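The values are calculated or read from the model by the stated rules, or taken from the named source; none is laboratory data. The model shown is predicted, which means the values in this text are computed figures rather than measured ones. With ideal geometry, Cβ positions are generated from the backbone for all residues, glycine too; neighbour counts draw on all protein chains shown.
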Amino acid sequence: MSKKGEAPKDDGAGGAKPSRASVGRLCLYLRRLETLLRDGTTKISSRLLGEAIGVTDAQVRKDLAYLGNLGHPGIGYAAPELIAAIRRVLGIDRDWAAALVGVGNLARALLRYQGFVERGFRFVALFDSDPAKVGQRVEDLEIHALEEMPAVIAATGAELGVLTVPSEASQSVAEALLAAGIRGLLNFTPQVLRLPPEVSVVSVDLTVQLEQLAFLVQLNEED
């Protein structure tokens, strides 16, 4: 099994899997390719794709090698074919249903973001520990009590969980989601979750991102 949040490097069936860094770049390639296709570009070279996200053409070819032999010498890559292959490798060539726990301001912003739906991610269940919120509807979804997780998740088919709860509640809520059948977690709390190694976890700490941004701005000023 892979470690939490890491893509396995070998699937045990003779095929190499992309690294976590390569997966991140594949996502960026996908965004760029979709934009180019909308603008009428159907062919693209590794050089142009690399320039679009700031990596070398050699790195692009290495990343895209995980997809199979899709490139054509002297011609480049067919954008529709490459888009389909990347979506297949990333596992987003189908819809994913997600449950969200902790219906505060951040959660409401996430629920309003239409980009998730466009990418095939659908919120199908909401949970909160506040009795005053239970029974309310947000973006046409009813908020359920935490105790209802097993029944609601089973009924909705949710596979992914999104945590926007206070840090002190994140571990227990994560364990409850997994017990209810959730297969992977997107953690918006700064808490490091202690979960079985087969559970996939991606953590998003917005404060850390701002700290990194502040460092880069300060570095540029010093230079």
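Just a few scattered comments:
- Total residues in region 47-58 satisfying the condition of being surrounded by fewer than 17 Cβ atoms within 10 Å (Cβ to Cβ) and not charged (D, E, K, R): the figure is 5.
- Scanning region 88-114 for residues that are in contact with a Leu (Cβ under 7 Å, 6 or more places away or on another chain) and modelled with pLDDT under 95 returns 89, 90.
- When residues of region 60-70 are limited to those that are crowded, with 17+ Cβ neighbours inside 10 Å and out of contact with any helix residue (DSSP H, G or I) (no Cβ under 6 Å at 6 or more places or on another chain), the one farthest from residue 25 (Cα to Cα): 66
- For region 68-92, the set of residues classified as more than 19 Å from residue 204 (Cβ to Cβ) and free of Cβ contacts under 8 Å to residues at least 24 places away in the same chain consists of 68, 69, 70, 72, 73, 74, 81, 84, 85, 88, listed by residue number.
- Residue 87 fulfils the conditions (1) among the charged types (D, E, K, R); (2) farther than 30 Å from residue 174 by Cβ; (3) surrounded by 13 or more Cβ atoms within 10 Å (Cβ to Cβ) except for a single criterion, (2).
- Filter result for residue 164 (out of contact with any Gly (no Cβ under 7 Å at 6 or more places or on another chain), under 14 Å from residue 98 (Cβ atoms) and of a type in the set (S, T, N, Q)): no
- Among the residues of region 88-111, those that are under 16 Å from residue 122 (Cα atoms) and in a helix (DSSP H, G or I) comprise 107, 108, 109, 110, 111.
- Residues of region 14-23 include at least one that is among the charged types (D, E, K, R), within 20 Å of residue 119 (Cβ to Cβ) and at pLDDT below 90.
- For the condition at negative phi, of a type in the set (Val, Ile, Thr), in contact with a Gly (Cβ under 8 Å, 6 or more places away or on another chain) and in contact (Cβ under 8 Å) with a residue 60 or more places away in the chain, residue 101 qualifies.
- If only residues of region 123-147 that are charged (D, E, K, R) and surrounded by 15 or more Cβ atoms within 10 Å (Cβ to Cβ) are counted, the one that is farthest from the chain's Cα centre (by Cα) is 133.
- Single match in 121, 127 (criterion: within 30 Å of residue 17 (Cα to Cα), in the same structural domain as residue 185 (by TED's automatic domain parsing) and at pLDDT 95 or above): 121
- For region 112-181, the helices (runs of 4 or more DSSP H) that sit wholly inside it and include 3 or more residues that are touching a residue at least 24 places away in the same chain (Cβ under 8 Å) and not hydroxyl-bearing (Ser, Thr, Tyr) are 149-156, 167-179.
- Inside region 71-80, residues that are surrounded by 14 or more Cβ atoms within 10 Å (Cβ to Cβ) and assigned to a helix (DSSP H, G or I) make up a count of 1.
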